[in-house]
Amino acid sequence: MEEKYGKAAREILSCVGGEGNIVSAAHCATRLRLVLKDDSKVDLNALENIELVKGNFNNGGQFQIILGTGIVNKVYGEFIAIAHITEMTKEELKQQAAKKMNPVQKLLKTLADVFVPILPALVASGLLMGINNILTAQGMFVPGKSLVEAFPAIKDIAEMVNLFSNAGFTFLPVLIGFSAAKIFGATPILGAVIGAIMIHPDLMNGYGYGQALLDGTVPYWHIFGFSVAKVGYQGTVLPVIASAFCLAVIEKRLRKVVPAMLDNIVTPLLSVLLAGALTFLFIGPVMRGVGDMMTNAVMWLFFDLGALGGLIYGVTYPLLVITGMHHSLVTAETQILANIGTLGGSPTFAVVAAANCAQGAAALAVMCRSKNDPKMRSMASASGISSMLGITEPAIFGVNLKLRYPFYGALIGGGIGAAYATIMHVLSVSQGPCGVIGVICIRPDCMVQFMVSMVIAIISAFGATMFLGKVVGQKEKTGKEAPGTEEKPALRIETEPGCIYAPVEGRAIPHTEIQDATFAAGVVGEGVGIIPAKGEVVAPFDGQISMFFDTKHAIGLVSDDGVEILIHVGVNTVELQGKHFTPLKQSGDKVKAGDRLLEFDMDAIKAAGYDLTTAVLVPAPNHVEVVKTGDVKQLDKILNVS
């Protein structure tokens, strides 16, 4: 078993460009995370055919290979040993990956890094809010009454739960200030102080600012000719992030110029004073406006465009996941939840959950279609279930994007489910797992409609994927589909001992007529050459692949009854170094007669000047009888071996 992990590590290293292309490596619970010098050197086709690899994707400057829990750590241990690199933490790897990011990617990564540490607090607060809603919702369990009204003894418990649920959002700027200051390189506790200043009780509560503007009752400080609004920033996100960044800039500059003996006194004093003043003078008002615009845009999308807005969001979200840009949505979502008392909840959670469940349903449809591909079947089933629980990466990158049509089916299903959730105004009260179990984050009066929207997304995505899969399968039969799909059912026959069946469709000739002196002379073995009519090689018997050449043009196999053969596509095609060949299996794989082994681009190889005659040869000292020449179809009997 240990050799299995070592073999996978060696194959992965080869596929990602070798030791010289590795900058650094780390791993999480399921994925090997690599920072590469040149991503273009990755051989994706070969990588996807490694036995333990369940998928891959490139995001945030990291090339990530999905291996699975309990496997990734063992492969990683072998990998860093043979690649001669030192072990790194995920944080160190992120720093390496950040060097490859463009400014937009860095901004999105920063937003994600600020919010990830405080998500547990927001989730806990939101779930407590859900419990409070269950206790106080009218008619949910008792007709015409809430649980508190029906059982007055729990009134104080409900009030306590309500207090607990509000704390995280009431003091949200403090949490964000601490986290953001840490990310930007300032003293975290000073970031918390800035956040606390922004919600100080002596300030007018930010939730009443809009009405106060209309009434003309906003209080002001008058300082050096400036009128500064004495208004808090409760329920805001961007102002405190910008203020923490300003704090970090000021603090870093001061530490360079303030003498060491005064640093611990002067630097914190001036940092808080200057950052606080700039917050109320410029940063706060500007960023409050930007945050309101983001929130209003999301609200407009859902409440003004209705079903169309939900459909747009549901279709767009998986596309953002591919690029990593979905992290930018966390900011608007957090601000909406912080204003939950005003808005009633967030409409985005149900839409994202529908999109995720649709990806899972599409992967499960692939599982149902991949009866002859055990590896894909296993990967699709596991990733499909994972996606419905809110973890979509294995399904998106390991299955749906690889085959393309399931991803389209998932977009259709996710869009339909999202549109329904938007029509029914399904609102959440917290962040949490965006899948079917996310029902615990939904407002009690919306829970039933949330589950209905998930069912709609799952059924729609599954049906769309099955339909698109049939279309793809039909295109394969007519030769109109591009190489790369693996959904075509394998041919099946009852094999006979000592019989070799045609691995390629075309015109069979004796091996002596192959336009290659070595093959024609029988030096490699005896058999036939097949001038192919289409670019596909299938297994000629039940057995095992003994060797899949690195240049992908030749395959060695041994049958279950001990017959060895060589399938060599083309004459001198070794010179192509694997170009125009797409392996569908790998060395060591068990195969059944008719399993697809290799695809090759006939037009491209011919255009490069190579003869495509495919040699099917049995090495000496076997006695080989040619059973059929002329036109042959795949799995026609062509040789008898004794």
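For Kirkwood radius over Cα pairs in Å, one of (1) 38.1; (2) 28.5; (3) 30.0 was computed from the structure I shared and the rest are decoys. Which label?
Computed from the coordinates, Kirkwood radius over Cα pairs in Å corresponds to (2).
In whole Hz and in residue order, list the ³J(HN,Hα) couplings for the range 311-319 that follow from phi through the Karplus curve 6.51 cos²θ - 1.76 cosθ + 1.60, θ = phi - 60°; x for Gly and Pro.
Along the range 311-319, the couplings run 5, 4, 5, x, 7, 6, 4, x, 5 Hz.
List the relative contact order of the chain as a percent without decimals, with contacts defined as Cα pairs under 8 Å and 6+ residues apart.
Relative contact order of the chain: 10 percent.
Only four residue types carry charge here, +1 at the Cβ of Lys and Arg and -1 at the Cβ of Asp and Glu. Report the dipole size of the range 501-584 about the Cα centre in Debye, rounded to the nearest 20.
Dipole size: approximately 340 debye.
Out of residues 5 or more away from residue 614 or on other chains, whose amide H comes under 5 Å of its own, with H placed 1.01 Å from N in the peptide plane?
The list, which skips near neighbours in sequence, is 530, 531, 570.
Report the antiparallel proportion of the DSSP beta bridges in the chain as a percent, rounded to a multiple of 5. Could the numbers behind the result be given before it?
On the way: 61 of 63 bridges.
In the chain, DSSP labels about 95 percent of beta bridges as antiparallel.
Using a 10 Å cut-off on Cβ atoms, rank the peptides 635-642, 389-396 from the highest mean neighbour count down. Mind dumping the intermediate values first?
Details: 635-642: 18.4, 389-396: 22.8.
Highest mean packing first, the order is 389-396, 635-642.
May I ask which residue of 347, 578, 538 lies farthest towards the positive end of the charge dipole of the chain, with charges of +1 (Lys, Arg) and -1 (Asp, Glu) on Cβ and the Cα centre as origin?
Farthest along the dipole direction, towards plus: 347.
Work through the residues other than residue 194 whose Cβ is under 14 Å from its Cβ and net out their charges, Lys, Arg +1 and Asp, Glu -1. Numbers along the way, then the final one.
Working: positive: 182; negative: 251.
Neighbour charge sum, excluding residue 194 itself: 0.
When the accessible area of the chain is computed with all protein chains present and a 1.4 Å probe, what percentage of it is carbon and sulfur?
Ligands and nucleic acids excluded, carbon and sulfur give 62 percent.
Dipole size in debye (nearest 20) for the chain around its Cα centre, Lys and Arg Cβ +1, Asp and Glu Cβ -1? Display every interim value, and only then the final one.
Numbers: 49 positive and 53 negative charges, 296 e Å.
Here the size comes out at about 1420 debye.
Within 10 Å, count the other beta carbons around each residue, average over each peptide in 621-634, 517-530, and list them highest first.
517-530, 621-634
Rounded to the nearest 500 deg cm²/dmol, what is the calculated helix-only ellipticity per residue at 222 nm for the chain, with -39500 (n - 2.57) per DSSP H run of length n ≥ 4?
Computed ellipticity for the chain at 222 nm equals -15000 deg cm²/dmol.
So how strong a dipole does the range 190-309 carry about its Cα centre when Lys and Arg Cβ are +1 and Asp and Glu Cβ are -1, to the nearest 20 debye?
On the way: 6 positive and 6 negative charges, 91 e Å.
Dipole about the Cα centre, nearest 20: 440 debye.
On average, how much accessible surface per residue is there in the chain, in Å², for a 1.4 Å probe, leaving out ligands, DNA and RNA?
Ligands and nucleic acids excluded, the figure is 44 Å² per residue.
Put +1 on the Cβ of every Lys and Arg and -1 on every Asp and Glu Cβ in the chain; which of 372, 460, 150 then has its Cα farthest towards the positive end of the dipole?
Value: 150.
The values are calculated or read from the model by the stated rules, or taken from the named source; none is laboratory data. The structure displayed is predicted, hence computed values, not measured ones. Please note: Cβ atoms are built from the backbone with ideal geometry, for glycine as well, and neighbour counts cover all protein chains shown. The accessibility values were calculated without ligands, DNA or RNA, using every heavy atom of the protein model including side chains. Shrake-Rupley method; radii C 1.70, N 1.55, O 1.52, S 1.80 Å.
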